[in-house]
Every structure is written in C-alpha cells, then in structure tokens.
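See below for the structure under consideration.
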Amino acid sequence: MKSLFRIVRRYTLNAVLITLAILSFNVGTLIFISYNVGKENEKTGTLSEMLSAVSQGFEEQEGKYILSEAGYETLKEREYEWGMLLNPEGEIVWEWNLPEEFPRKYTLTDVAGFTRWYFKDYPVRVWGEDGNLLVIGMPKNSTVKLNLEYPYDSIRSLPALIKIFLALNLFLLLLVAFWLAFRFYRSLKPVAEGIDALAEREYTVVPERGVTKELAQKLNKASHILQIQEEKLQQRDDARTTWIAGVSHDIRTPLALILGISDELSADPGLNESQRRSAEHIKNQSLQIRQLIADLNLTSKLEYNAQPLRNSQYGPAALVREVVTEYYNSGLDETYSIQIHSGPKEEELRLEGDTALLKRALQNVIGNSIRHNPLGAEIDICLKTEKDMLIWDFIDSGNGIPGRVAKLVNQNRQEADIHIMGLRIVRQILTAHGGKLTFPMNGKGTYGVRFLLPLKGGYSF
C-alpha cells in the first residue's frame with residue numbers, strides 16, 4: 001500500500017504543478033499584453049494626446065478654422081470617418097467628410113447626447129480646446145461604448161478583492177487536484193489490494209470499472225491463472241505424497257524379508273566366505289534402501305508440514321555428545337576422530353525442540369563426513385553463541401562440502417548425478433525449528449556446515 005500512496009502523492013504534486021503553471025502562464029500573458037499595449041501607446045500616443053494634437057493643429061483665418069496637414073495625417077492614420085469643430089454657440093466652424101444628413105448646428109442637449117455615446121450610429125470622440133469642441137466620428141460597428149459607474153469605495157477595495165479572487169481560485173484548483181487524487185486513489189485501491197492478495201497466494205476478483213478497468217481485467221485474469229496453477233500444483237503434491245506413502249508401505253514387508261534372509265545367510269556357517277560376503281552385501285544394500293525410503297518420507301512430510309514437532313527441553317552440547325557417543329559405540333573406525341568444542345555457557349544452555357529430528361540432522365552431517373572421506377578424517381564440532389543465535393560448526397579435515405552441493409541445497413534444487421537428500425533434510429529440520437543451514441568457506445576451496453538456531457522462540461510449528 002505504500003507504493004499506492006506514493007502514486008497518489010506524485011499525482012497530487014503534478015496537479016499542483018500544473019495549476020501553478022497555468023496561473024504563471026496567465027500572469028505572464030497579462031504582463032506581456034500590458035507591455036505590448038504600453039509599447040503601442042508609446043509609439044502612437046494616447047487618445048488624449050492624439051485629440052489634443054489635432055485640436056492644436058487648427059488655425060483661425062478670417063473667422064474660419066483650417067486644420068494642419070499633420071492633423072489630417074493623424075485622422076487618416078487612425079482611420080476616422082469624419083470630423084467637425086463646434087464653437088461655443090454650437091455652430092460648425094470646421095468639418096471634414098461630414099455626412100450631408102448631419103445638422104450644421106447643435107444644442108447643448110445634442111452635445112450631451114453624443115459626447116459619451118453615439119451620433120447617428122457612429123461612435124464619437126470629443127475634445128475641448130480654447131472654448132471649441134472637436135468631434136471625431138469612427139466607423140460604424142467598430143467600437144462598443146459602455147457607460148460604467150462604480151462607487152469609489154468599490155474601486156478603492158479592488159486590489160484586495162483581486163487578491164481574494166486569486167486566493168479563491170487557487171483554493172478551488174487545489175480542491176480539484178485533491179478530488180482528482182482521491183478518485184485516482186479510490187480507483188487504484190482495489191487493484192493494490194488485489195496485488196497484495198496475490199502476493200499472499202489468495203484468489204482475488206477486482207471490480208472492473210473506472211480508469212483501472214483494463215488493469216483490473218488483467219489482474220483478474222492473472223489471479224485465475226494462478227488459481228488454476230495452484231490447484232494443479234496441489235494435486236501434483238498430493239499425488240506425490242500419496243505415491244511415496246504407498247511405495248513405503250508396499251516395500252516395507254518384502255524389504256524386511258530380504259533383510260531377515262540376508263542376515264541369516266551371512267551368519268550361516270554352512271556357506272563359504274564368498275557366499276557370506278554376498279549375503280552381507282545384500283543386507284547392507286537393503287539397509288541403505290530402507291534408509292533412503294525413510295529419508296524420502298521424512299523430507300516429504302517436512303516440506304508439507306505433515307511432520308509435527310514433538311518439542312521438549314534439551315541441552316545442545318549434551319545432544320551432540322549423545323550422537324557422537326553412538327558413533328563410537330557402533331564401531332567407528334580408528335581413522336576417524338570426532339572432537340566437540342563448547343564453552344561453559346553452551347554447556348548450560350537449554351532450548352526447546354524435537355530432539356529426534358535434531359539428532360537426525362546431526363547424524364546426517366557427521367555421516368556425510370564419514371562416507372565422503374573413506375581414508376579417514378578429523379571432525380570438529382564447535383558450539384558457540386552470538387547475539388540471539390546458537391551456532392553449530394562442523395568442519396572435517398577431508399573433502400568438505402563441494403561448492404556445487406552447497407549451491408543446490410541453498411537453491412532447493414536436485415540434480416540426477418548429485419545426492420543431496422541428507423543435507424536437504426537437515427535444512428528442512430532447521431527451518432522447522434526457526435533456524436537456518438549455511439555453508440561457510442573452510443579455506444580449502446570447499447565448505448563446512450553451520451547450524452543456526454534461535455535462542456528464543458522462532459519455532460515454525
């Protein structure tokens with residue numbers, strides 16, 4: 001779910017950045033337009049300056065007014081339609097392109113009517129100069145004139161109102177951004193929960209709607225495929241477990257018969273030495289088959305948690321000595337020696353565990369050192385504690401554990417030409433006790449064996 005919140009946070013940040021970018025663009029556009037208008041005004045002059053320049057271009061000659069060439073150029077440049085100059089009595093003392101239907105004398109009422117609005121549908125502009133009134137007409141439908149009036153207090157508070165308006169706009173934009181983010185979160189939440197369920201190997205169905213419809217469809221399809229695969233794997237595992245149990249049961253009686261007969265033949269004084277050796281060989285191979293079947297049963301049960309732990313209190317140092325003593329009592333060859341190294345703390349240590357399974361793990365490791373070093377070897381077993389773990393190190397002076405074997409055990413893989421059943425069982429036993437099996441380098445290019453068991457809790461059963 002943390003990844004989902006990161007997506008929402010990024011989505012919200014992007015929305016805020018987009019909002020700020022839009023606001024910045026609007027402000028920049030206004031500044032750009034204002035700058036260009038200012039430049040244009042600097043170039044052509046303001047309306048007041050233009051009208052004043054035209055008015056000052058008049059000269060009175062014999063009671064008539066004449067406009068200078070510069071004045072006419074200004075009127076043409078601004079594309080005005082007509083113009084007239086009224087004296088204080090309302091009489092026209094100068095005209096330019098004045099339509100014939102226009103009166104030639106105006107009252108104060110006429111002047112008041114067209115000063116701020118229109119005259120004969122022409123937008124007009126006026127300017128007073130030396131008691132005369134200059135009236136200039138623009139083309140029809142070229143300008144819209146509005147009469148707007150505002151209270152002074154409203155105009156004085158305009159800057160504050162603009163700030164409030166901008167703040168409200170920003171708030172609304174942020175509100176929209178968070179709303180979009182919430183919708184996006186609500187759309188993604190079922191998908192994220194479905195992914196979490198798949199990670200826990202649970203079948204899930206996500207609603208297929210909204211912006212995540214396509215993603216939900218793919219997730220549901222993947223969930224369905226995984227469910228089918230899980231069912232097939234379970235069927236395969238059940239079949240394998242059933243087959244192993246059946247084979248073990250069916251082979252037990254004939255194997256016991258073979259062992260009994262071979263044991264009698266190997267002790268029969270009526271057979272010659274060669275025949276007794278053959279009988280002994282049959283007995284040893286039968287014992288090995290029985291051990292392999294037992295290993296196969298045990299690893300299958302441990303893998304599927306079908307082997308309950310029968311926990312009891314034990315001393316790790318005493319358990320190791322018990323296993324080593326059994327090896328010596330069974331007639332261990334003199335070419336082998338097993339040494340146990342432990343301190344006072346390890347001697348007094350007590351843990352909870354299944355002693356039968358732990359003894360099996362110890363026997364497998366020590367047995368490996370004996371079987372794979374036929375010329376003899378010194379086997380050292382060191383017990384020590386570090387932090388919250390008990391460490392059992394197994395090092396022999398012989399061949400050690402090959403790197404390929406250590407890799408296969410760590411990866412839980414099996415290859416036809418390498419037998420790792422014993423070490424695989426060791427790993428499973430330690431895992432069932434909350435521990436771990438590792439293979440530290442022993443300095444000769446091969447590996448030793450290390451048990452790691454928690455001193456407190458950590459049991460998986």
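Bear in mind these aren't lab numbers, they're just calculated from the coordinates by the rules spelled out. Nothing here was measured: the structure is a model prediction, and the numbers come from that model. Using ideal geometry, Cβ is built from the backbone for each residue, glycine included, and neighbour counts are taken over all protein chains shown.
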Original post:
In nanometres, what is the gap between the two model label sites at residue 105 and residue 156, each 7 Å from Cα along Cα-to-Cβ?
Top reply: 4.8 nm
Original post:
So if R0 is 56 Å, what FRET efficiency would residue 322 and residue 233 give, r being the distance between their Cβ atoms, rounded to the nearest 0.05?
Top reply: 0.90
Original post:
How many nm is it between the label spots at residue 421 and residue 352, if each spot is 7 Å from the Cα in line with the beta carbon?
Top reply: 3.3 nm
Original post:
What FRET efficiency do you get for residue 142 and residue 70 if R0 is 22 Å and r is their Cβ-Cβ distance, rounded to the nearest 0.05?
Top reply: 0.40
**OP:** Mind running the shape call on segment 333-374? Use the C-alpha gyration tensor, a ≥ b ≥ c as the square roots of the eigenvalues: rounded below 1.5 for a/c, prolate if a/b tops b/c, oblate otherwise.
**Re:** oblate
Subject >> Length gained when the stretch residue 115-residue 182 is fully extended (0.36 nm per residue, less Cα-Cα span) >> reply: 18.3 nm
**OP:** Take the Cβ-Cβ distance between residue 130 and residue 209 as r, set R0 to 60 Å, and report the resulting FRET efficiency rounded to the nearest 0.05.
**Re:** 0.15
**OP:** Evaluate the charge dipole of segment 60-105 about its Cα centre and quote only its size in Debye, nearest 20, assuming +1 on the Cβ of each Lys and Arg and -1 on the Cβ of each Asp and Glu.
**Re:** 80 debye
**OP:** Extending each Cα 7 Å along its Cβ direction at residue 339 and residue 163, get the distance between those two points in nm, one decimal.
**Re:** 8.7 nm
**OP:** Mind scanning 387/407; 359/407; 189/218; 64/105; 345/387 and naming the pairs with a C-alpha gap bigger than 20 Å?
**Re:** 387/407; 359/407
